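The values are calculated or read from the model by the stated rules, or taken from the named source; none is laboratory data. Values in this document were obtained by computation on a predicted structure and should not be read as measured data. Note that we place each Cβ from the backbone using ideal geometry, even for glycine, and neighbour counts take in every protein chain shown. Remember, those area values only see protein heavy atoms, side chains included, never the ligands or the DNA or RNA. Shrake-Rupley method; radii C 1.70, N 1.55, O 1.52, S 1.80 Å.
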Protein chains: 2
Amino acid sequence: MPRWEHGSEERLKQAALELFQEQGFEDTSAVQIAERARVTTRTFFRYFRDKEEVLFADADALKETLVHDLLQAADVSEPLRAVTRTLAGFDWGRLGSRESQHRRNAMIAANPRLLERELVKQHQVADGLGDALRRRGIDPDVAELAAGAGVQVFRTAYQRWLAGDDDTDLTTMIETVLSSLAVLVPGARSRPG
Amino acid sequence: MPRWEHGSEERLKQAALELFQEQGFEDTSAVQIAERARVTTRTFFRYFRDKEEVLFADADALKETLVHDLLQAADVSEPLRAVTRTLAGFDWGRLGSRESQHRRNAMIAANPRLLERELVKQHQVADGLGDALRRRGIDPDVAELAAGAGVQVFRTAYQRWLAGDDDTDLTTMIETVLSSLAVLVPGARSRPG
DNA sequence: ACAGTGATGTCGCGTCGTGACATCAGCTGG
DNA sequence: CCAGCTGATGTCACGACGCGACATCACTGT
């Protein structure tokens, strides 16, 4: 097998993000992206299902990583904590600076179609984590709920971290949000210390 | 203001559901739907944003109802229970027989685009319920988590009810799932009785 | 030199969704 | 009864989307 340059995908992604930044997502067409990357429109759609998918190119790999981490986790006797620990353990800086993640987030929030896609990706992560928990021997219903709630907790913490009013660590943020979940559950008592 | 027949919307909806049933969602075009309803394609898109939206025509009204119910709820001191009670209190039979809801569900599950839309609608319901809780004086973070978790619980219960292996009541199903959530939270003890 | 393979280009097509304007029915005041 | 208004629908044109089918070109190993 030849060592293809595989330059197109990266160039397309780069071109798309630039154009989204310059003129917004809606007002950027696949044709424009392809032109800037010096390929055909057809080629664009070979690499990306649709325009939306460019912004979520890493999501699938991210999911795989998280699932892998959870499968390797030392202790899953408390499923919800195992999930949040897994999410907290990931190096989110790999996805770019907080500033750039913030811009990406704003763009997604501003566009219904992008918001849909984001929810799907999060849902898929939750699904994957739930499946991982089941493979670790957790009861199916509990696994699903733990994964869902865990992702929910993370989402809240992540949004707060993105807002960046204070400089709290993402891990700490997750812990804070998680602890507030305890008061939700009937019969729960707040954690000591 | 004239008493318009307003027949088009209902006819379009009817035609669309028939065609989806007959030949699947993907293989049905807006043109076909419009033809069967004896209107123009343009008219179809005046009533529905897109093909997907036909299957979620009632979702917005449903959300409003649920939000209204939660705002009127007697007791929200336990936010999560308030949410699940609200969801359990709704008359889901209004959305059609369990059989027809099951078919609708299968169709959605089989199509990525429809799945996206469904997640969005559920998310909007959770958003609305979270907002309602906030207006009832619940702490914002707790409100968001309670709404999210509540919808999550409901979704699990609903799926199980749809599957219909046993003939358990939806309300009972919700209660069952909810009780299993308790074991998730660190420091929680299971409910007595 | 040759055939094989994978990325890309080319062409054509049906669908999607919308803006702009025309039309037609019914109602409303004179 | 006419004129004018209003809201639903039709008509037309258009750009964007996404994909199937096939051609082409670069590079590979033998």
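List of remarks:
- Between 0 and 90°, nearest 10: helix B:98-109 axis offset from chain B longest Cα axis: 80 degrees
- Relative contact order of chain A, defined on C-alpha pairs under 8 angstrom at six or more residues apart (%): 18 percent
- Stokes-Einstein D in µm²/s, Kirkwood radius over Cα pairs - region B:59-180 at 10 °C with 1.306 mPa s viscosity: 108 µm²/s
- Accessible surface buried upon B-A contact (total; probe 1.4 Å; Å², nearest 100): 3300 Å²
- The same position A:GLU64 in the other copies lies at 4.6 nm from this copy, comparing label points 7 Å beyond Cα toward the beta-carbon, shortest first.
- Accessible surface of region A:72-193, 1.4 Å probe: 49 percent of it comes from carbon and sulfur atoms.
- The calculated FRET efficiency for B:ARG38 paired with B:ALA106, based on their beta-carbon distance and R0 = 41 Å, is about 0.90.
- Delta accessible area of at least 20 Å² on complex formation, residues of region A:110-143, 1.4 Å probe, chain isolated as reference: A:ARG113, A:GLU116, A:ARG117, A:LEU119, A:VAL120, A:HIS123, A:ASP141, A:VAL142
- With the largest listed first and rounded to whole Å, the semi-axes of the equivalent ellipsoid of region B:27-104 from the Cα gyration tensor are 35, 14, 9.
- Average silhouette area of the protein assembly as shown, convex hull of alpha-carbon atoms, in square nanometres: 24.7 nm²
- Taking the square roots of 5 times each eigenvalue of the Cα gyration tensor of region B:7-54, largest first, gives ellipsoid semi-axes of 15, 11, 9 Å.
- Solvent-accessible area per residue for the protein assembly as shown (1.4 angstrom probe, square angstrom): 53 Å²
- At the residue level, A:ARG134 shows approximately 90 square angstrom of accessible surface with a 1.4 angstrom probe and all protein chains present.
- Label separation (A:ARG113 vs A:ASP165): 3.4 nm, computed from points 7 Å beyond Cα along the C-beta direction.
- Label-point gap, in nm, between B:ARG94 and B:LEU71 - each point 7 angstrom along Cα→Cβ: 1.5 nm
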